[in-house]
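The values are calculated or read from the model by the stated rules, or taken from the named source; none is laboratory data. Every value quoted in this text rests on a predicted model; they were computed, and no experiment measured them. Backbone-built Cβ (ideal geometry, glycine too); neighbour counts: all protein chains shown.
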Amino acid sequence: MEVLPLAHALGAEIRGVDITGAVTDAEIDAIREAWHRAHVIVFRDVEWAPDQHIAFSRRFRGLDDHAATPHDTLEGYPELLEITNIPKNGQPSQTRNTGRNWHSDYSYTNRPAAASMLYCVTKPPVGGDTMFCNMVRAYEGLSDKLKGIVADLQSVYDFSLVSGVGKRDPEKIKELLKINPPIAHPCVREHDESGVKALYVSERTSHFDGMTREESEPLIKFLCAHATRPENVYRHQWHVGDLVCWDNRTTMHLALGDFDESQPRRMLRTTLRGELSGFVVPPAA
Ligand code: SIN
């Protein structure tokens with residue numbers, strides 16, 4: 001197995017292992033180790049069916065059944081989210097604006113995603129890229145004073161800040177807001193496998209628990225800008241057959257709308273289930 005860095009801050013391509021076949025336990029361990037080091041790993045030219053995508057993902061961890069976003073799964077496969085701009089039953093796709101602000105998956109639930117594995121089925125001729133930033137480096141780059149301050153904060157995640165909410169079916173959004181009330185998670189999280197500390201705040205953080213939105217906003221903005229500086233980012237330009245796997249405990253990502261929306265883009269994602277976390281809070285003042 002070869003591990004080739006894709007950017008300075010994060011990202012590596014893995015070659016020399018056929019993930020569509022019988023992957024050995026030793027190969028899974030080596031992939032996991034590379035993943036912990038690079039935070040985002042990429043496999044190219046993968047040709048597989050949904051069952052193989054699910055089976056490979058399960059080798060790392062239990063999978064989320066996406067009960068927090070039940071309308072977005074691939075029919076017959078609760079383990080697969082379908083993220084696409086291709087209309088369904090004559091209606092605009094509900095997932096066409098998914099991921100258009102910096103975030104970590106399922107942060108608005110009580111099981112923030114451990115990791116995600118996104119497979120490119122169809123892509124526009126140009127664009128539709130996804131960017132990733134390293135939240136371990138972001139945390140380590142703070143002054144000791146600010147590290148101390150954020151260590152005491154709980155970031156509140158609010159489903160209404162998910163990108164594209166205003167463009168979705170209002171009835172479905174009402175239901176999703178009920179399933180996913182605002183929830184607070186530690187602003188600095190310790191990785192449950194590697195033990196590394198990472199900043200856990202995003203453009204879906206409405207405020208810090210115990211503070212008003214007005215008080216929280218400047219710090220949220222600073223932390224997001226600090227985390228997403230170009231030198232802390234890897235930008236993935238998709239090819240059909242790419243499988244990009246990111247660790248949601250140590251990264252944020254952003255799906256760019258940098259493409260012709262009349263061209264189809266279709267991706268399938270498994271979500272590796274995270275640990276129970278957080279407490280539900282009332283909306284901020
Ligand atoms: C996501 O946020 O999970 C989707 C990313 C993408 O479509 O590039």
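The number of residues in the stretch 113-123 being in a loop (DSSP other than H, G, I, E, B) and farther than 20 Å from R189 by Cβ comes to 1. Considering (1) assigned to a loop (DSSP other than H, G, I, E, B); (2) within 23 Å of R37 (Cα to Cα), the lone condition that N110 does not fulfil carries the number (2). Among the residues of the stretch 169-195, those identified as in contact with a Ser or Thr (Cβ under 9 Å, 6 or more places away or on another chain), over 25 Å from A38 (Cα atoms) and assigned to a loop (DSSP other than H, G, I, E, B) are N180, P182. Filtering the stretch 84-123 to residues that are modelled with pLDDT of 95 or more, among the small types (G, A, S) and more than 13 Å from the ligand (Cβ to nearest atom) leaves only A114. Of the numbered criteria (1) within 15 Å of the chain's Cα centre (by Cα); (2) more than 13 Å from the ligand (Cβ to nearest atom), the one D158 fails is (1).
Give the stretch 93-123 a look and list any residue that's free of Cβ contacts under 8 Å to residues at least 24 places away in the same chain and over 14 Å from G257 (Cβ atoms), or say none. Those that are free of Cβ contacts under 8 Å to residues at least 24 places away in the same chain and over 14 Å from G257 (Cβ atoms): none in the stretch 93-123. Can you list the strands (runs of 3 or more DSSP E) found entirely within the stretch 196-285 that contain at least 1 residues being buried (at least 16 other Cβ atoms within 10 Å of the Cβ) and touching a Lys or Arg at 6+ places or on another chain (Cβ under 7 Å)? Passing ranges, in order: 197-199, 205-208, 251-255, 266-272. For beta carbons closer than 8 Å, sequence separation of 6+ or different chains, a first residue in the stretch 124-137 that is part of a loop (DSSP other than H, G, I, E, B) and a second that is small (G, A, S) and within 12 Å of the ligand (Cβ to nearest atom), the qualifying pairs are G128/A255.
A quick yes/no check of all residues on (1) touching a helix residue (DSSP H, G or I) at 6+ places or on another chain (Cβ under 8 Å); (2) of a type outside the set (S, T, N, Q); (3) closer than 24 Å to A67 by Cα:
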{"position": "V196", "(1), (2), (3)": "yes, yes, no"}
{"position": "Y200", "(1), (2), (3)": "yes, yes, yes"}
{"position": "A227", "(1), (2), (3)": "yes, yes, no"}
{"position": "P230", "(1), (2), (3)": "no, yes, no"}
{"position": "H239", "(1), (2), (3)": "no, yes, no"}
{"position": "D242", "(1), (2), (3)": "no, yes, no"}
{"position": "D247", "(1), (2), (3)": "yes, yes, yes"}
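Which one of R61, R37 is over 15 Å from V17 (Cβ atoms), away from the ligand (no atom under 16 Å from the Cβ) and in contact (Cβ under 8 Å) with a residue 60 or more places away in the chain? Outline the logic, then answer.
Working: R37 fails: in contact (Cβ under 8 Å) with a residue 60 or more places away in the chain.
After applying the criteria, what remains is R61.
Residues in the stretch 28-70 that are surrounded by fewer than 18 Cβ atoms within 10 Å (Cβ to Cβ), out of contact with any strand residue (DSSP E or B) (no Cβ under 6 Å at 6 or more places or on another chain) and farther than 16 Å from R273 by Cβ: 13 in all.
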